[in-house]
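The values are calculated or read from the model by the stated rules, or taken from the named source; none is laboratory data. None of the values given here were measured: they were computed from a predicted structure. Note that each Cβ is placed from the backbone with ideal geometry, even for glycine, and that neighbours are counted across all protein chains shown. These area figures cover heavy atoms from the full protein model, side chains too; ligands, DNA and RNA do not enter into them. Shrake-Rupley method; radii C 1.70, N 1.55, O 1.52, S 1.80 Å.
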Amino acid sequence: MSFHLTRRATKLALRASLSAPSSRFLVTSTRALRPLPTSPAQSSTTAVQPHPHPPSASFHPEPTSIFTPLDTFMPRHIGPRQNDVESMLSTLGYKSMDEFVDATIPRNVRIDELTDKDNGKNGIRPFSELELARRVEEVASLNKGMKSYIGMGYHNAIVPPVIQRNILENPAWYTAYTPYSPEQSQGRLESLINFQTVAISLTGLPIANASLLDEATAAGEAMAMCLASVPKNKLAKGKKVFLVSPSVAPQTIAVLGTRTSGFGVELKVAESNETFLQEVESLGEEKLMGALVQYPDVDGAIGDWAEVATKVKSTGAKMVVASDLLALTMLKPPGEWGADIVCGNSQRFGVPVGYGGPHAAFFACTDDLKRKMPGRLVGLSKDSRGLPAYRLALQTREQHIRREKATSNVCTAQALLANMAAMYAVYHGPEGLRKIAGKVHSLTRILAESVTSLGFTITNKTFFDTLTIDVSSASVTAAQVHEASVKAGINFRSIDDKTIGITLDESVGPLDLTDIVNVFYAVKGQNPVEPEVLEELAQKMELTSASVASPIANLARTTDFLPQGVFNRHHSETDMLRYMMHLQEKDYSLVHGMIPLGSCTMKLNSTSSMVPLSRKEFGGVHPFAPQDQAKGYEVLIKELEEDLSLVTGYDATSVQPNSGASGEYAGLRVIQAYHESKGQGHRDVCLIPLSAHGTNPASAAMVGYKVVPVKALNDGSLDLTDLKEKAEKHKDQLAAFMVTYPSTFGVFEEGIEEACQIVHDNGGQVYVDGANCNSLVGLTSLGRVGGDVSHTNLHKTFSIPHGGGGPGVGPISCKSHLAPFLPTHPIIPTGGSSPIPAVSAAPYGSASINTISWAYIKMLGGEGLTQVSKLALLNANYIAERLRPYYNIRFTNKNGRVAHECLIDLGEFEKSAGLKVSDFSKRLQDYSFHPPTAQWPISTCWLIEPTESEPKHELDRFIDALISIRKEVDEIVSGSQPKEDNVFKNAPHPLSLLTEDKWDRPYSREKAVFPVPGLKKSKFWPTVGRVDDAAGDLNLVCECGTVEEYA
């Protein structure tokens, strides 16, 4: 045996004696021999305070003990200090916090407050920040470090460090909100239009949105678009069959199956790809409304679907394609061979796999479908000076406007992950992306040749990065291959007892590929090979660093992609860093000041709760890895689900829904399944108050429910008489009642228990929307007030950052009678004993960011969570009380109190001063604030939510700004300022105004940009003037150049 082979054999034997090599969040192309993970007792890292006992078995002192930790989280998370609390209570006229809370939340729905006792009943013991760091290490170590080549839409990704540090881990990017205030959001709007451009350029279609939740739900949205395109007369005659290729990813087929019932769609999985065209012809124009294929498919094959696409379109149906962005750098774009819609996962563009998410799905379509397209769409418009500016386009498609008439309930995107993927494309550029794709394909060819030489059979004769291998042809079983691969620290895809799948990615280097090949040598009983053997094979195949630019053998791409300057300029880290900073400086986020968006809960996203997200043990786990390799995730998710059940007052929880709207849909499907189990599947009426969250009607419509609105009284409360009349009228068909608590009008409904009882008495189930849960944790609960099922927004109440428009998580919690119906998954079973099918692509949805909410809850503990709710209520009521002399506080309870947010009605000023709500929002930007939620839930109102994280001095700055604005209104009312030309109508005023030679406005430059003295010391400047919404919609441009190139 040669020296090289001896050394290799020794290394392999030693590796087998150790635990499997750890997966990496930042993956390199080489793999070194590593020691065992360091135990706390062996560690010398003071940041994790080493001790042989794990944190879960540590001593926990009483609060009065000298050993009580000083690095507790609660004082870091909340804004007001104790003297501030006392001052605000005094302003409100209360002597104690308990007296204030009693006046705010009805006593009849109160519960025993949560405690810090870890007794499993009503308590959660808090960790200090240091204790949490040790607990994170303990839990993370339970995930086995394996290298997964399972594929199925998920890949090992190399996250460029410049992007990881400056996007993923940068609060200036992750604490921003959806860019509804475009003048303060030009940076991420430009980045999102870069993301759209990537999708447009690679798919060959003219329009793309700013991301969806995942590939499977994106395919569901595509199916809904196909349905919405069918004329009503043809739909009534049965044109409602959606035909799916059997080689589409199974999780996608499962989610499609979940969605079909609500839309009345007939989902048909074709017998085979070979018979697909024949089945299209058989369904014909009368029945077929859409078809879905995967390109390349889940088994790796690259099908030529052009003839199918032509036939599908000839029947008046739409052609949908699920695809892969990296593959499309080499393959003929679907838009060139007839696709109407193309969607997929952008995760392999520099986003960690993270046990399934979050990842940004891309979604592109033909021009004629643009007004039916779901989700956010960034477009180019112009500002008040005629200069180019970006904004969210076609917003009249949104659920808050269309309600039950909306074709989708999507109310968020995956903006942070879309921005990472966009930056990955910017950093590598078209040439770099093509090289990555070419190398992945070349290594796949080497792998195919290697295993074929050993007697194994590749069943897919065409491929990009995925091989489906019949191992029985080499006289071994799939179980033997999996046993050998796991022993080597590798996961392959399990297909059946004689077939396995392998998907390569950019992280694969010479040692990685050698390890993969040696699995097959091992099961054949042969000696392992060295990388030099594969190098010789590559040379024989004429595969070199230069050949990666060669075209693929089947359906090769001939058109260029990403020719825009932004993708061909920033390839050094210096340039890339400066580009990201250039965009970052244009955006308002929580690093600049309070974002008082009502029903959005823009609270602190603490660094200590964000840190676990970056650990390789969480970032590197494939969602379909064997469950015994993800014990850390199992522990974390179990603890999170138990804690969420406790604080919501329910019995069981599922974290699979990966947005609030997805949680609404899942909860309603659970209710639907419950009724069906009782022989009551005909129940299809859903009562929804006008004060409910805007996505509720759209979610109900997606389930197939008929929405019946319930009135509100003049004081904002539920009209119980109207509710009772409608519940009794529809008692034989009543399925559900969707109510938000506290309501979006900013008050705790006095009659919530009676309302829920009315519904129960008439055979319905109660869905309590948990969007406003930040006001009630530890004080009351969604289950206590009468709910049967609810979702909570982990990106609101439980501190996951909003990411500039996503990600989010919307877990559902329910009472025991609904628990059997919680959602399952086709690959990793989850949920109850009689579960609904999957609602997300991954078994646990956006699993990796659950680390954030888990950490948040664990650091606050029971008493901390309760105190957070009290301070959220106090901050909102302090603002309302201080503003009461100047503005109309639209709704309060009988004690004059609001919940955690307040509605300010600005309608009176339209008549007296000619000012609309949007004018106030634009002017507030000049005061260095992000405006509150505007024109929702009432068109003349602002909805203001400060959260518990804002200090009193920031609340006072906001209040002073609104008082100053009211004085500016009075100037218009008195006639000292004209109605048509004033600081409101011309707002916001960007920095460039200061250098303009001409100034002909009836107010000074100082009044325009420094309306209060403090702004001269610190101010966030809008980078553009007021953006023209109409111009952007009339001339829709949804891909880059940059703003400078359009100027």
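Specify which of the listed residues (Leu256, Leu227) is among the hydrophobic types (A, V, I, L, M, F, W, C), under 27 Å from the mean Cα position of the chain (by Cα) and open to solvent by 10 Å² or more (accessible area, probe 1.4 Å). Break it down into steps so the answer makes sense when it comes.
Working: Leu256 fails: open to solvent by 10 Å² or more (accessible area, probe 1.4 Å).
Among Leu256, Leu227, only Leu227 is among the hydrophobic types (A, V, I, L, M, F, W, C), under 27 Å from the mean Cα position of the chain (by Cα) and open to solvent by 10 Å² or more (accessible area, probe 1.4 Å).
Can you tell me how many residues within the range 935-951 are modelled with pLDDT under 95 and buried (at least 22 other Cβ atoms within 10 Å of the Cβ)? Full working, then the answer.
In the first step, residues of the range 935-951 are kept if they are modelled with pLDDT under 95; the result is 935-939.
Narrowing the set further to residues that are buried (at least 22 other Cβ atoms within 10 Å of the Cβ) leaves 937.
Number of matching residues: 1.
Just to check your reading of the model, which residue among Leu962, Leu955, Leu915, Leu924 is part of a helix (DSSP H, G or I) and over 17 Å from Pro885 (Cα atoms)?
Values: Leu962 fails: over 17 Å from Pro885 (Cα atoms); Leu955 fails: over 17 Å from Pro885 (Cα atoms); Leu915 fails: part of a helix (DSSP H, G or I).
Of Leu962, Leu955, Leu915, Leu924, the one residue that is part of a helix (DSSP H, G or I) and over 17 Å from Pro885 (Cα atoms) is Leu924.
For the range 823-834, check the following and say yes or no: at least one residue is crowded, with 23+ Cβ neighbours inside 10 Å and under 25 Å from Leu903 (Cβ atoms).
Taking every residue of the range 823-834 in turn, none turns out to be crowded, with 23+ Cβ neighbours inside 10 Å and under 25 Å from Leu903 (Cβ atoms).
Name the pairs whose Cβ atoms lie under 6 Å apart, with the first residue in the range 978-996 and assigned by the TED database to the domain that holds Asp926 and closer than 17 Å to Arg966 by Cβ, the second assigned to a loop (DSSP other than H, G, I, E, B) and at pLDDT 95 or above, and 6 or more positions between them or separate chains?
Correct list of pairs: Lys979/Gly914; Val983/Tyr1003; Phe984/Leu915; Ala987/Asp926.
Which ones in the range 71-86 are touching a residue at least 40 places away in the same chain (Cβ under 8 Å) and exposed (fewer than 14 other Cβ atoms within 10 Å of the Cβ)? Show your work before the answer.
Keep residues of the range 71-86 that are touching a residue at least 40 places away in the same chain (Cβ under 8 Å), which gives 71-74, 76-81, 84-85.
Answer for the range 71-86, where residues must be touching a residue at least 40 places away in the same chain (Cβ under 8 Å) and exposed (fewer than 14 other Cβ atoms within 10 Å of the Cβ): just Arg81.
Between residues in the range 446-462 that are without any contact (Cβ under 8 Å) to a residue 24 or more places away in the chain and residues that are open to solvent by 30 Å² or more (accessible area, probe 1.4 Å) and in a helix (DSSP H, G or I), which pairs lie under 9 Å by C-beta distance while being six or more apart or on different chains?
Partner pairs satisfying both residue conditions: Ser453/Leu537; Thr457/Ser472; Thr457/Ser473; Ile458/Thr452.
With (1) part of a loop (DSSP other than H, G, I, E, B); (2) open to solvent by 20 Å² or more (accessible area, probe 1.4 Å); (3) within 29 Å of Gly429 (Cβ to Cβ) as the list, and Ser507 as the residue in question, which single condition is left unmet?
Of everything listed in (1) part of a loop (DSSP other than H, G, I, E, B); (2) open to solvent by 20 Å² or more (accessible area, probe 1.4 Å); (3) within 29 Å of Gly429 (Cβ to Cβ), Ser507 misses just condition (2).
Any idea which residue in the range 998-1039 is farthest from the chain's Cα centre (by Cα), counting only those that are surrounded by 13 or more Cβ atoms within 10 Å (Cβ to Cβ) and without any contact (Cβ under 8 Å) to a residue 24 or more places away in the chain?
Only one residue tops the list, namely Arg1001.
Right, Ile857: assigned to a helix (DSSP H, G or I), open to solvent by less than 10 Å² (accessible area, probe 1.4 Å), of a type outside the set (Lys, Arg) and under 21 Å from Glu99 (Cα atoms) or not? Please lay out each step first, then the result.
Numbers: assigned to a helix (DSSP H, G or I): yes; open to solvent by less than 10 Å² (accessible area, probe 1.4 Å): yes; of a type outside the set (Lys, Arg): yes; under 21 Å from Glu99 (Cα atoms): no.
When the stated conditions are applied, Ile857 does not pass them.
Conditions: (1) surrounded by fewer than 20 Cβ atoms within 10 Å (Cβ to Cβ); (2) under 14 Å from Gly300 (Cα atoms); (3) touching an Asp or Glu at 6+ places or on another chain (Cβ under 9 Å). Lys461 meets all but one. Number of the miss?
The one condition Lys461 does not meet is (3).
Could you check the range 712-723 and list, in sequence order, the residues that are at pLDDT 95 or above and under 27 Å from Thr792 (Cα atoms)? Let's see the steps before the verdict.
Looking only at the range 712-723, we keep the residues that are at pLDDT 95 or above, and these are 719-723.
Once the filter is applied, which keeps residues that are at pLDDT 95 or above and under 27 Å from Thr792 (Cα atoms), the range 712-723 yields Asp719, Leu720, Leu723.
Exactly one of these conditions fails for Arg110: (1) under 17 Å from Val777 (Cβ atoms); (2) modelled with pLDDT under 95; (3) surrounded by fewer than 18 Cβ atoms within 10 Å (Cβ to Cβ). Give me its number.
Here Arg110 meets the rest and fails (2).
Tell me, yes or no, whether the range 645-659 has at least one residue that is in a helix (DSSP H, G or I), surrounded by fewer than 22 Cβ atoms within 10 Å (Cβ to Cβ) and out of contact with any strand residue (DSSP E or B) (no Cβ under 6 Å at 6 or more places or on another chain). Even if it seems obvious, please write down each step before you answer.
Step one: filter the range 645-659 for residues in a helix (DSSP H, G or I), giving 645-648.
Still in the running and surrounded by fewer than 22 Cβ atoms within 10 Å (Cβ to Cβ): 645.
If we keep only those that are out of contact with any strand residue (DSSP E or B) (no Cβ under 6 Å at 6 or more places or on another chain) as well, we get none.
No, the range 645-659 contains no residue that is in a helix (DSSP H, G or I), surrounded by fewer than 22 Cβ atoms within 10 Å (Cβ to Cβ) and out of contact with any strand residue (DSSP E or B) (no Cβ under 6 Å at 6 or more places or on another chain).
Would you confirm whether any residue within the range 760-778 is of a type in the set (Ser, Thr, Tyr) and within 26 Å of Ile836 (Cβ to Cβ)? Spell out the reasoning first.
Here is the first cut: in the range 760-778, the ones of a type in the set (Ser, Thr, Tyr) are 767, 775.
Now restrict to residues that are within 26 Å of Ile836 (Cβ to Cβ): 767.
Scanning the range 760-778, I find at least one residue that is of a type in the set (Ser, Thr, Tyr) and within 26 Å of Ile836 (Cβ to Cβ), so the answer is yes.
Take Leu873 and tell me if it is part of a strand (DSSP E or B), under 20 Å from Arg957 (Cα atoms) and at pLDDT 95 or above.
Working: part of a strand (DSSP E or B): no; under 20 Å from Arg957 (Cα atoms): yes; at pLDDT 95 or above: yes.
No; evaluated as a whole, the condition is false for this residue.
If Thr558 passes every condition in (1) closer than 27 Å to Gln196 by Cα; (2) surrounded by 14 or more Cβ atoms within 10 Å (Cβ to Cβ) but one, which one does it miss?
Failing condition for Thr558: (2).
(1) open to solvent by less than 60 Å² (accessible area, probe 1.4 Å); (2) free of Cβ contacts under 8 Å to residues at least 24 places away in the same chain; (3) within 20 Å of Asp465 (Cα to Cα); (4) not hydrophobic (A, V, I, L, M, F, W, C): which one isn't true of Ser572, the others all being true?
(3)
Would you confirm whether or not the range 152-166 contains a residue that is assigned to a helix (DSSP H, G or I), touching a residue at least 40 places away in the same chain (Cβ under 8 Å), buried (at least 21 other Cβ atoms within 10 Å of the Cβ) and not assigned by the TED database to the domain that holds Asp919?
Yes, the conditions are met somewhere in the range 152-166.
Check whether at least one residue in the range 764-779 is more than 30 Å from Ala855 (Cβ to Cβ), open to solvent by 10 Å² or more (accessible area, probe 1.4 Å) and either outside any strand (DSSP E or B) or modelled with pLDDT under 95 (or both), and report yes or no.
no
Results for (1) free of Cβ contacts under 8 Å to residues at least 40 places away in the same chain; (2) in a loop (DSSP other than H, G, I, E, B); (3) of a type in the set (Lys, Arg); (4) open to solvent by less than 10 Å² (accessible area, probe 1.4 Å), shown as yes or no for each residue.
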site: Leu723; (1), (2), (3), (4): yes, no, no, yes
site: Val739; (1), (2), (3), (4): no, no, no, yes
site: Ser743; (1), (2), (3), (4): no, yes, no, yes
site: Glu753; (1), (2), (3), (4): no, no, no, no
site: Ile758; (1), (2), (3), (4): yes, no, no, no
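Given the structure, is Leu906 buried (at least 16 other Cβ atoms within 10 Å of the Cβ), touching a strand residue (DSSP E or B) at 6+ places or on another chain (Cβ under 9 Å) and not aromatic (Phe, Trp, Tyr)?
Working: buried (at least 16 other Cβ atoms within 10 Å of the Cβ): yes; touching a strand residue (DSSP E or B) at 6+ places or on another chain (Cβ under 9 Å): yes; not aromatic (Phe, Trp, Tyr): yes.
It is true that Leu906 is buried (at least 16 other Cβ atoms within 10 Å of the Cβ), touching a strand residue (DSSP E or B) at 6+ places or on another chain (Cβ under 9 Å) and not aromatic (Phe, Trp, Tyr).
Exactly one of these conditions fails for Pro246: (1) touching a residue at least 24 places away in the same chain (Cβ under 8 Å); (2) outside any loop (DSSP other than H, G, I, E, B). Give me its number.
(2)
Of everything in the range 517-532, what is in a helix (DSSP H, G or I) and crowded, with 17+ Cβ neighbours inside 10 Å? Give them in sequence order.
Initial filter on the range 517-532 (in a helix (DSSP H, G or I)): 517-523, 531-532.
Hits for the range 517-532 are Val517, Asn518, Val519, Phe520, Tyr521, Ala522, Val523, Pro531.
Is it the case that the range 579-587 has a residue that's part of a loop (DSSP other than H, G, I, E, B), under 30 Å from His930 (Cα atoms) and of a type outside the set (S, T, N, Q)?
Here is the first cut: in the range 579-587, the residues part of a loop (DSSP other than H, G, I, E, B) are 585-586.
Restricting the remaining residues to those that are under 30 Å from His930 (Cα atoms) gives 585-586.
Checking the rest, the ones that are also of a type outside the set (S, T, N, Q) come to 585-586.
Yes: the range 579-587 contains one or more residues that are part of a loop (DSSP other than H, G, I, E, B), under 30 Å from His930 (Cα atoms) and of a type outside the set (S, T, N, Q).
Can you name the residue in the range 961-997 that is of a type in the set (Val, Ile, Thr) and farther than 14 Å from Phe909 by Cα and is also surrounded by the most Cβ atoms within 10 Å (Cβ to Cβ) among such residues? First the steps, then the outcome.
Step one: filter the range 961-997 for residues of a type in the set (Val, Ile, Thr), giving 963, 965, 969, 972-973, 983, 995.
Filter again for farther than 14 Å from Phe909 by Cα, leaving 963, 983, 995.
On the way: Ile963: 15, Val983: 26, Thr995: 6.
Of everything passing the filter in the range 961-997, Val983 is surrounded by the most Cβ atoms within 10 Å (Cβ to Cβ).
Give the residues of the range 806-822 that are closer than 16 Å to Ala736 by Cα, open to solvent by 10 Å² or more (accessible area, probe 1.4 Å) and not in a helix (DSSP H, G or I), sorted by residue number.
Scanning the range 806-822 gives Lys815, His817.
Could you count how many residues in the range 260-293 are open to solvent by less than 20 Å² (accessible area, probe 1.4 Å) and under 28 Å from Leu202 (Cα atoms)?
9
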